[in-house]
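Visitor: Take this structure first; my questions come after.
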Amino acid sequence: MIPVFRAADVERAVPPAAAYEAVRDAFVAFARGEWTMPPKSYVTNYPAGDFRAMPALGGGYALLKWVTSFPGNPTRGLPTVTGLVLLSNAEDGRLLCILDAAAVTALRTAAAGVLAAETLRREGASSYAVVGCGPNGAETVRMLVARGLTPMVWDVDGARRHAVAEENGAYVAETAAEALACDVVITVTPGSVPLYERDSLRPGQHVSLMGADGPDKAEVAVEELGRARLFCDEWEQACSKGIGDIGQGVTVGRIRREQVTELGQVLAGAADGRRSADDITLFDSSGLAIQDLAIAKIAYSKRDQLSLQTIEL
């Protein structure tokens, strides 16, 4: 019998602190070549959305994530992200469990965004914001609060931003500009209009850009990339097909490989992070299957502690 982790089961099995540490360890293991990750494959149906197949191998496990991104779904009363994560034994190929992809995605997105922020922020940073309060943004707020930080939040949907703030003990920004001016900002939005226009980033600011994970999505103007020290989760994925903010910078010829540092290399001690208090640092996330593997491993280890549904194949 194969255990099935519904969204609520994933949330019960993997608290924010455990997700944070697991994703950090996965970044380091990948940087050292201990975990591997073939390229993410996109099956596109633009402008409606896309399907993504994401494999990874590490720690005795193999993973395949089949997940969607359909930004217009909320207007239909449907979630933007749906799908499944399959976790298998890497030694004998046995399928071990099935997990809700949206819940896994929210946890690893939050962990990666907060991890990058805490790694790259300037010393003494005192104001934090999350812009975008969908499922991934809400989980990011929860992650920050679990880390002992109290962010302000902003979302174009007033009811949603107030609900997320109230649920997590966060503050509601008076305006989007107030949130975007914080010392540390994590953006989790699906839009195509940049949140940060030309010359809008402030010296010393850090921004984790978590939302622009497909063509025609952007959270920062391409001209701003040249003003910042740039970091990504994995170069080949971040620069491919014009996906993400860095990918668009590469496409138009503004960004070269030597300008971008992988976060895992910083965490492993093989590359510099922030170099001065005045640096503007940008982390552009494309979303890695190794992060999903980190979350799935923890969930599977808790299988006997939860009342899970099972299926027989």
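The values are calculated or read from the model by the stated rules, or taken from the named source; none is laboratory data. Quick caveat, the model's predicted, so the values are computed rather than measured. Counting neighbours? That spans all protein chains shown, and the Cβs are built from the backbone with ideal geometry, glycine included.
Visitor: Val188 - would you say it is touching a residue at least 60 places away in the same chain (Cβ under 8 Å) and closer than 21 Å to Gly204 by Cα?
Guide: Spelling it out, Val188 is indeed touching a residue at least 60 places away in the same chain (Cβ under 8 Å) and closer than 21 Å to Gly204 by Cα.
Visitor: Right, here's the next one. Within region 1-60, track down each residue that is buried (at least 20 other Cβ atoms within 10 Å of the Cβ), among the small types (Gly, Ala, Ser) and over 28 Å from Thr261 (Cβ atoms).
Guide: Hit for region 1-60 is Ala13, nothing else.
Visitor: Related question: Hey, any hits in region 153-164 for a residue that's at pLDDT 95 or above, in contact with a helix residue (DSSP H, G or I) (Cβ under 6 Å, 6 or more places away or on another chain) and either among the aliphatic types (A, V, I, L, M) or under 15 Å from Pro15 (Cα atoms) (or both)?
Guide: The answer is yes, given that some residue of region 153-164 is at pLDDT 95 or above, in contact with a helix residue (DSSP H, G or I) (Cβ under 6 Å, 6 or more places away or on another chain) and either among the aliphatic types (A, V, I, L, M) or under 15 Å from Pro15 (Cα atoms) (or both).
Visitor: Checking Pro38 against (1) over 24 Å from Leu95 (Cα atoms); (2) of a type outside the set (A, V, I, L, M); (3) assigned to a loop (DSSP other than H, G, I, E, B), only one condition comes out false. Which one?
Guide: (1)
Visitor: Taking the criterion of being touching a Lys or Arg at 6+ places or on another chain (Cβ under 8 Å), within 30 Å of Pro55 (Cα to Cα), not in a strand (DSSP E or B) and not hydroxyl-bearing (Ser, Thr, Tyr), would at least one residue in region 180-187 satisfy it?
Guide: No, the conditions are met nowhere in region 180-187.
Visitor: Between a residue in region 192-211 that is touching a residue at least 12 places away in the same chain (Cβ under 8 Å) and more than 11 Å from Ala181 (Cα to Cα) and any residue that is buried (at least 24 other Cβ atoms within 10 Å of the Cβ) and hydrophobic (A, V, I, L, M, F, W, C), which pairs come within a Cβ distance under 6 Å, given they are 6 or more apart or on different chains?
Guide: Pairs found: Pro194/Val220; Ser208/Ala116; Ser208/Ala117; Ser208/Ile186; Ser208/Phe283; Met210/Val188; Gly211/Val188.
Visitor: When you look at Gly273, is it touching a Phe, Trp or Tyr at 6+ places or on another chain (Cβ under 9 Å), assigned to a loop (DSSP other than H, G, I, E, B) and either surrounded by fewer than 20 Cβ atoms within 10 Å (Cβ to Cβ) or touching a residue at least 12 places away in the same chain (Cβ under 8 Å) (or both), yes or no?
Guide: yes
Visitor: So which of Val81, Val131 ends up being buried (at least 24 other Cβ atoms within 10 Å of the Cβ) and either within 18 Å of Gln291 (Cβ to Cβ) or not charged (D, E, K, R) (or both)?
Guide: Unique residue meeting the criteria: Val131.
Visitor: Could you check region 140-177 and list, in sequence order, the residues that are without any contact (Cβ under 8 Å) to a residue 40 or more places away in the chain and among the charged types (D, E, K, R)?
Guide: Listed by number, the residues that qualify are Asp155, Asp157, Arg160, Arg161, Glu166, Glu167, Glu174.
Visitor: Considering only region 259-270, state which residues are assigned to a strand (DSSP E or B) and either in contact (Cβ under 8 Å) with a residue 60 or more places away in the chain or of a type in the set (Ser, Thr, Tyr) (or both).
Guide: Hits for region 259-270 are Thr261, Glu262.
Visitor: When only residues in region 90-121 that are surrounded by fewer than 20 Cβ atoms within 10 Å (Cβ to Cβ) and out of contact with any strand residue (DSSP E or B) (no Cβ under 7 Å at 6 or more places or on another chain) count, which is nearest to Gly59 (Cα to Cα)?
Guide: If we take residues in region 90-121 being surrounded by fewer than 20 Cβ atoms within 10 Å (Cβ to Cβ) and out of contact with any strand residue (DSSP E or B) (no Cβ under 7 Å at 6 or more places or on another chain), then Glu91 is nearest to Gly59 (Cα to Cα).
Visitor: Restricting the search to region 233-258, which residues are out of contact with any helix residue (DSSP H, G or I) (no Cβ under 8 Å at 6 or more places or on another chain), over 19 Å from Ala289 (Cα atoms) and outside any loop (DSSP other than H, G, I, E, B)?
Guide: Across region 233-258, the qualifying residue is only Glu258.
Visitor: Shifting gears a bit: Test each condition in (1) surrounded by fewer than 17 Cβ atoms within 10 Å (Cβ to Cβ); (2) polar (S, T, N, Q); (3) in contact (Cβ under 8 Å) with a residue 24 or more places away in the chain; (4) in contact with a Gly (Cβ under 6 Å, 6 or more places away or on another chain) for Gln248 and report the one that comes out false.
Guide: (1)
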